[in-house]
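Below is one structure; the comments refer to it alone.
Where a number appears in this text, it was derived from the coordinates with a stated rule and is not lab data. This is a predicted model, so every value here is computed, not measured.
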Amino acid sequence: MTQPLISAAALRAWLASGSPLLLCDCSFDLTDHGAGAQAYLQRHLPGALYLNLDTDLSEAPASRVAGSGRHPLPSREAFAQRLAALGFDDEVPVVAYDSAGGMYAARLWWMLRWAGHGAVQVLDGGLSAWDAAGGALAGGPVPARPSGRFGLRPTLARDVDFTQLLAGLGRGRQLIVDARAPDRFRGENETLDPVGGHIPGAANRFFRNNLGPDGRFLPAETLAAQWQALLAGRSPADLVMQCGSGVTACHNLLALESAGLSGAALYPGSWSEWCAQPTAPVATGA
């Protein structure tokens, strides 16, 4: 798994070979939190587990601290325990997918790397690409897997918290990149968070700009050229990715990885945490 993306054709060949693989459906809807699970029950890749953004890829709702954002990360230890209970195993590679251009699958991709597991890819084009390639689909629930052995390893991902990000504003070569749609970045049409706007000094790179008209990621060389223009001479390590709640920011991180530009950090709390802090400055407009 040297590349972060896998094509539908390559995945079909892998499954036909019988080699061990765990498929994970991460479909979700930020405005209807039950829609992803319902869509999964209707059609999914055969044998795929369903992981819910709210309950599997975020801190348990009952444990969240006020002001920590809409989808705060769990502890690495809690995440590893949850995945082991679902049947993840240290030695089994993972392919994640969704029905939204990878915006939720990228969250699992990043979190597995955060836990130290690099054997993870995202299905390029997701469910629609699989369907277009003639891949088999199933419906209904998938039997629970036996508990697995999933341990933490040295992390393969970087993250920063609110205090670190605030301290770095306007200093050095740090560049914050906001993955939200341009209108939300400007502070217009905000429907998910109580305050509109963006972090002062941030640049806007809408995550859907990583995709072509077919819903697949743009070629690596195209992504590299676009991101190099935004970097403007910076190193990828100077970048901090954020969005509304730390989800679509992972899509930008996946695009950077696909382009061979590793090293950027994630601000998991993102705008939903930032705008809840009384000491956080807010900017509006372009």
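In percent, rounded to a whole number, the relative contact order of region 17-58 is 45, using alpha-carbon pairs under 8 Å and six or more apart. Shape analysis of region 92-164 yields a ratio of the Cα radius of gyration to the Kirkwood radius, Rg/Rh, of 1.05. The value of relative contact order for region 58-158, using C-alpha pairs under 8 Å at least six residues apart, is 36 percent. The reciprocal of the average 1/r between distinct C-alpha atoms defines the Kirkwood hydrodynamic radius, which for region 158-274 equals 14.2 Å. Summed over qualifying helices (DSSP H, 4 residues or more, each -39500 (n - 2.57)) and divided by its residue number, the chain shows a 222 nm mean residue ellipticity of -8500 deg cm²/dmol. Per residue, the convex hull spanned by the alpha carbons of region 5-132 comes to 107 Å³.
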